[in-house]
Amino acid sequence: MSPDTGPDTAPATGPGTTPPADAGTPARPGEPDGTPTEASWSDGTPKGAGRPGGTPTAATLVAVRGAIAVAADTAPAIARATHDLLAALLAANGLQRADLVSLVFTQTPDLTATNPALALHEAGWDVPALCAQDAAFTGAPARTLRVLAHLRWDRPGRPVPAYLAGAAPTRPGT
């Protein structure tokens, strides 16, 4: 403890400091006093929202992979592949869009017309998404889009990956 701090010293205020507990921090939706509840996620979203009956459930964060070969390097083909891949992942696991926490996409260097995050945004999806380019290497598959989907998982077992249109679960040489 420095000479300027101690039990009788007032807490620091200003930019980059945490306001005192009584500073009137607004509560999050679904959390009247701002504290997490058994029936809501930390962002205030009700657990089980959008599921039949809306039953609150305990869930954990898991990740699942998927990939799809894209028919052509055009914005419509990349958008269609993005949609088909996510639809397959959701269907295979009995999930809904609300179960997606975030998405990390990679695409091979020969796909340049658009990227999956932009395609999802333009289609009205409201999920954080990040895109990167796959490393180019000898024998790499052409026109391939991959995803690592982070999701809320409230059932036994692991989520089922989706590999479509000839995309392989692993890259050659791995």
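Within the option set Ala88, Ala149, Ala77, being open to solvent by less than 30 Å² (accessible area, probe 1.4 Å), outside any loop (DSSP other than H, G, I, E, B) and farther than 30 Å from Ala58 by Cβ holds for one residue only, Ala77.
On inspection, Pro128 qualifies as more than 28 Å from Gly166 (Cβ to Cβ), open to solvent by 30 Å² or more (accessible area, probe 1.4 Å) and at pLDDT 95 or above. Might you let me know whether the stretch 31-40 holds any residue that is open to solvent by less than 40 Å² (accessible area, probe 1.4 Å), among the charged types (D, E, K, R) and modelled with pLDDT of 50 or more? Within the stretch 31-40 (the criterion being open to solvent by less than 40 Å² (accessible area, probe 1.4 Å), among the charged types (D, E, K, R) and modelled with pLDDT of 50 or more), the answer is no, since none of the residues qualifies. From the list Asp154, Asp134, the lone residue that is touching a residue at least 40 places away in the same chain (Cβ under 8 Å), of a type in the set (Asp, Glu), touching a Ser or Thr at 6+ places or on another chain (Cβ under 6 Å) and open to solvent by less than 70 Å² (accessible area, probe 1.4 Å) is Asp154.
Scanning the stretch 137-146 for residues that are among the small types (Gly, Ala, Ser) and open to solvent by 50 Å² or more (accessible area, probe 1.4 Å), which turns out modelled with the highest pLDDT? Residue satisfying both the conditions and the ranking: Ala142. Residues in the stretch 158-174 that are assigned to a loop (DSSP other than H, G, I, E, B), small (Gly, Ala, Ser) and open to solvent by less than 60 Å² (accessible area, probe 1.4 Å): Ala167, Ala168.
Does Ala113 satisfy being open to solvent by 40 Å² or more (accessible area, probe 1.4 Å), of a type outside the set (Ser, Thr, Tyr), in contact (Cβ under 8 Å) with a residue 40 or more places away in the chain and touching an Asp or Glu at 6+ places or on another chain (Cβ under 6 Å)? Here the answer is yes, as Ala113 does meet what is asked.
Is it true that Val127 is touching a residue at least 24 places away in the same chain (Cβ under 8 Å), touching a Leu at 6+ places or on another chain (Cβ under 7 Å), part of a strand (DSSP E or B) and under 22 Å from Leu61 (Cα atoms)? The answer is no for Val127.
The values are calculated or read from the model by the stated rules, or taken from the named source; none is laboratory data. As the structure is a computational prediction, the values presented were derived from the model and not from experiment. Cβ coordinates were reconstructed from backbone atoms using ideal geometry, including for glycine residues, and neighbour counts include every protein chain displayed. The accessibility values were calculated without ligands, DNA or RNA, using every heavy atom of the protein model including side chains. Shrake-Rupley method; radii C 1.70, N 1.55, O 1.52, S 1.80 Å.
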